[in-house]
Amino acid sequence: MRNTLRLLVVALALLSLSSGRITAQQAVPHPDQYFGFKIGADGELARYPKILEYFQLLAKQTDRVKFEELGKTTMGNSYALLKISSPQNLAKFDRLVEINRRLADPRTLNDAEAQKLIVEGKPFYLVYATIHSTEVSNGQAIINIVHRLATENTPMIRQILDNSVVLMVPSQNPDGQHLVVDHWYKTKGTNYGRVFPDLYHKYVGHDDNRDWFMFTQKETRMNIELVQNKYHPIITHDMHQQGGNGSRIFVPPFTEPFDPNMHPLLRLGQATVGQAMASALLAEGKEGVAWEDSYDMWTPARQYMVYHGQPRILTEIANSALADPVTPRKGQPIGPQESRAHFPVPYSKDTWTLGQQVDYGITAALAGMSHVARYGTEWLGNYYKVHKDYVNPTAGPYAFIVPAAQKDPFGTYEMLEILKFGEVEIHKATAPFTANGKQYAAGSWVIRVAQPAGAFAKTMLEKQVYPDLRIFPGGPPEPPYDVTGHTLWMLTGTTVDVADKPFDAQLELQKTIAPVPGTVAARPKGAYLVSPDSYGFFKAVTELQKANVPVYRAAKAFESGAQKFSAGTWVIPPVPAAQKIVENAAKTLGVSVAATDRVPAVDGFRLKPNTKVGLWKGAGNMPGGWLMWMLEQYGINHEVVKSQDFTGDLNAKYDVILLPSGTSKARIVNGLDPKRNDPAEWSWAFGVGEDGWKKLRAFVENGGTLLAIGSSVETARELLDLPIEDALPDRRPAGASSASADAALRDAFSSPARLMQTLRDRVADPQSLFYCPGSLLANEFDVNNPVAWGMPESWPVFFEGDQAYRLRPGFGVDTQVVSRYPMKNVLQSGWLLGEEYLRDQANILAFRIGKGYVVTYGSQIDFRTQPRTTFKLIFNALFHGPSTPVPAAQMGKAAATATNEQQ
Ligand SMILES: [Zn+2]
């Protein structure tokens, strides 16, 4: 009786509480009311700060939403996370996270224990609404989604709240949301272009979703560290938009190829959620839903989650002109009109508005969430099963071994840090051991494949063998969605061995990864000597320059004491400022510093003090953005080249001008259109005209250094009449980049007639036999050439639809081949067709023109700054070009004088 009474009291209390809540929830303003327009209305876009304000209001006034700012973005904006569920689930949030964490590491569980956790747990559905900032509709759709989750009591919403936890990142690129939406409002009613003309992420622009294995940008790192690795969601939904002329929305399943390291259950998870979305959309009469189209599952650059037990759900909704009203196409329906197995209902209307995009986004997201909530135990069960297979792999090597002695310890550190950041467990040997018949020193690292993040370790450390996919058997290649090779040790210049069989070793799990400090000799009378092998050491070089310490490099190999030093060795006067910098370099970069009391009599060069670089970033050029990030990371004294620079003396302002891939003559001469872009903001990116083009040529002839990468080699050739010609058959339309050729090929699939035409063109064209869409290819280096100082004699470089070169006779031009493709085994990781075209052809070339110095990098050795060890090739050149030769007889004297000057 007493118990019944108590229950009654509790029930009454709950009732009053919940009714109180209902009142509070009713007080929450509807988005239309709060923002002052219907979300998705033509001509209106809710701004990011106000969206966050609204979410904070929902968090305050309801018991279903929690708001958290996880940190600040690259440009100082708020990076936020919402946790949405029933109050009961939110009350035990930490316990639910603990369950996810335990299921993600089955080594500490038996099946019975796991089953209990699966029944107790709730699936976490992570969604991020926008990463590509011109894809605006999803960032608007989430306003209504969150409002509905926070206030609605329909069976579907209750299902989601009671049986799952939604984690929502309102924007994966808040900076871009500011830039794009602000620009769009600012240009309203003007003749200026409405689309923000520059990169909508300060450094990486649209490549912000290609950063999910190198983890270079703040936003990526916050998401991985503070969301993915912290909460272990069981699924991630990545909301995007695609071009306006295809299907209205893409949902999974994806198309070939799938990275073999992706667990098959994840493919099925993608398919079931994608089809639940398709079903909900079609049930609401939303036409134009497609799957198994264009989007593949190959590169980890876009899909961190699939190596951590989660299906990746991609939705791609057709775009229009931001929020500008669209003109109807006079009765002509949009997109493909043929019903197919993977595209059952073509879109029948001739308009496509922002409002529709918002509605498609809401339907798809809620359908995905409610599907996962409804089958929560199955989802948690599969999450456990996938991780159980990760820790008990049936195939693949036993481990990867990273020998302790490495040419560049900094590259090894960067590789291990990336793996560790991706949750890979790394062991270090405390004693020597033998594996595969090879002896390894204590201090070597071992990365076992059998571990929860084993799939990530494996995809990053093995060589990619991309399937030879053709449009039809024997036909032209089917382009991948992105690049095909990403072997991390090749990118960082590290030696890694594969051990197929288990071995015995005394191993210690590493809690943190830090550089192994290098040795530093006592401060000598002569000079510090540092090998040229480490790309990391350039961080110290720029510090030496800032501290006004003269920096020398030996032009040839030499011996000092019993030690051999290779060409390019750094010779640094032992002034107090230098001592501090090299000691710090040993600690933070793992570089060893030797010393000599007598500076060797070897020919050398003295770096120009404060070597100044002008980066031709241009507006909207992603390779330029990535390079800006790289230059900043290394403290290189640089500035973005402005068209205003051309009114003065270029040589007085810059020692070096760096042309990233994508810097064509047209971009230099024409730049942004002054009629379409406000001069107050954009004049720096206006064209320099034909006069400016001539000034750029004069910059080189007068002694400037010009570095040209990827497609800008063509620009440099045109500018300076370089004595080189293309070695590869051209499969591109005139003037187009390989990326747009690939887009054209994808586009060909949009209609059978265009497909047939493409096939005829390609088959009739033997030139289509050369194809390399983003792979690692072997290069042989002349390590005595200043550009390749510190490189191994052979090492892979990145190649993405690029060009190789052969020399032609040139008068008055001194040409040196820095690197070339070998006679065999060119492909190291990824996909390459037509290897024979590359054999023995030149990649990197150096030229003396007038008083100037030019280096051309035929392949994109800096692609997205992912290939790190080849940074050396750029850094070497930019310091070498403006340097001064120092004859052997004066080398010792010069260094000693500098020492005296400094003391
Ligand atoms: Zn996108």
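The values are calculated or read from the model by the stated rules, or taken from the named source; none is laboratory data. Note that the coordinates shown come from a computational prediction; the quantities given were computed from them, not determined experimentally. FYI the Cβ positions are ideal-geometry reconstructions off the backbone, even for glycines, and counts take in every protein chain you see. Protein only, heavy atoms only, side chains kept; ligands, DNA and RNA dropped before computing areas. Shrake-Rupley method; radii C 1.70, N 1.55, O 1.52, S 1.80 Å.
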With all protein chains modelled, accessible area of residue 523 [1.4 Å, Å²]
100
Scan around residue 560 for amide H atoms under 5 Å from its own, H built in the peptide plane at 1.01 Å from N, and keep only partners 5 or more places away or cross-chain.
565
For segment 424-556, whose charge dipole is built from +1 on Lys and Arg Cβ atoms and -1 on Asp and Glu Cβ atoms, the candidate among 520, 429, 474 with its Cα farthest towards the positive end is 520
Which of 342, 371, 383, positive extreme of dipole for segment 326-443 (C-beta unit charges):
342
So for the chain: antiparallel DSSP bridges make up what percent, rounded to the nearest 5?
65
Ordered by packing density, taken as the mean number of other Cβ atoms within 10 Å over each peptide's residues, highest first, how do 886-893, 813-820, 613-620 rank?
613-620, 813-820, 886-893
What FRET efficiency, computed as 1/(1 + (r/R0)^6) with R0 = 56 Å and r the Cβ-Cβ distance, is obtained for residue 30 and residue 256, rounded to the nearest 0.05?
0.80
In degrees, nearest 10, the alpha-carbon axis of helix 264-283 is tilted away from the dominant principal axis of the alpha carbons of the chain by 50
Can you tell me which of 657-664, 497-504 comes out highest on packing, and rank the rest after it, using the mean Cβ neighbours within 10 Å?
657-664, 497-504
Separation of alpha-carbon centers, segment 269-289 and segment 78-107, rounded to whole Å
27
Apply the a/c threshold of 1.5 to the C-alpha gyration tensor of the chain and tell me whether it is rounded, prolate or oblate.
prolate
Near the amide H of residue 241, under 5 Å away, which other amide H atoms are found, from residues 5 or more places off or on another chain, if H is placed in the peptide plane?
317
Accessible area of segment 534-631 divided out per residue, in Å², using a probe of 1.4 angstrom
34
Expected vector for segment 818-835, Karplus 3J(HN,Hα) from phi with 6.51, -1.76, 1.60 and θ = phi - 60°, integer Hz, x for Gly and Pro, equals 8, 8, 9, 7, x, 6, 8, 6, 5, 6, 10, 6, x, 9, 8, 10, x, 3
Where nothing but the Cβ of Lys and Arg (+1) and of Asp and Glu (-1) is charged, how large is the charge dipole of the chain around its Cα centre, in debye to the nearest 20?
1540
For helix 111-120, report the angle its Cα long axis makes with the longest principal axis of the Cα atoms of the chain; keep it between 0 and 90° and round to the nearest 10°.
60
So what's the gap between the Cα centers of segment 817-877 and segment 314-376, to the nearest angstrom?
43
In whole percent, and with a 1.4 Å probe on the protein chains, what portion of the accessible area of the chain is carbon and sulfur?
53
Rounded to whole Hz, the Karplus (6.51, -1.76, 1.60) HN-Hα couplings of segment 566-583, x for glycine and proline
8, 4, x, 3, 6, 10, 10, x, x, 6, x, 4, 5, 4, 4, 5, 5, 5
Mind checking which of 203, 805, 666 is farthest towards the positive end of the chain's charge dipole, using Cβ charges of +1 (Lys, Arg) and -1 (Asp, Glu) about the Cα centre?
203
Whole-number accessible area per residue in Å² for segment 58-137, which is evaluated in the context of all protein chains at 1.4 Å
38
Report, in degrees rounded to the nearest 10, the 0 to 90 angle that the Cα long axis of helix 174-186 makes with the longest principal axis of the chain.
80
For segment 515-590 and segment 172-207, what is the separation of their Cα centres, given in Å?
44
Segment 82-89 - phi-based ³J(HN,Hα) in whole Hz, Karplus 6.51/-1.76/1.60, Gly and Pro as x
10, 10, 10, 5, 5, x, 4, 5
Residues meeting the amide H criterion for residue 593 (H placed from the backbone, H to H distance under 5 Å, 5 or more places apart or on another chain) are 519, 520, 521
